[in-house]
Amino acid sequence: AELCARFHASRRTLQYAFEDTLGVNPSAYIRAVRLDHVRRELRGAASVTEVATRWGFWHFGNFSSEYRGQFGELPSETWRRSRVRAG
């Protein structure tokens, strides 16, 4: 709402501009950024669940599927690999 008022544009107009510029809708962009943060934090985390919930992923089946779609592996694989390197 603040951006719409500032730029004197509708929500839909701003969404289209965002999609034209970045190639994804704002929700997908935010989700990708959150998944990237999860990936970084998995390297030193006690558990996948801890990191996923910290970044607002509550449905773990969807989270794992989205993570695999973005990174080509399950979050547990990233986490396990980081544990092997640290050990």
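Tabulated data for the structure shown
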read-out	value
Unit charges at the beta carbon, dipole of the chain: most positive-side option, THR49, LEU3, PHE60	THR49
3J(HN,Hα) from dihedral phi, the range 22-31, Karplus parametrisation 6.51/-1.76/1.60, rounded to Hz, x for glycine, proline	9, x, 9, 7, x, 5, 5, 5, 4, 4
Computed magnitude of the charge dipole of the chain (debye, nearest 20; Cβ of K, R +1, Cβ of D, E -1)	280
Kirkwood hydrodynamic radius (C-alpha pairs) into Stokes-Einstein, the range 26-86, 4 °C and 1.567 mPa s, D in µm²/s	113
For the chain: relative contact order, % (alpha-carbon pairs under 8 angstrom, 6 or more apart)	22
Packing-based order for 59-66, 73-80, using average beta carbon neighbours within 10 Å, highest first	73-80, 59-66
Mean Cβ count within 10 Å, highest first, over the residues of peptides 44-52, 18-26	44-52, 18-26
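Values in this text are rule-based calculations from the coordinates and carry no lab data. As the structure is a prediction and not an experimental result, all values here were calculated from the model. Ideal geometry is used to build each Cβ from the backbone, glycine not excepted, and the neighbour counts take in all protein chains shown.
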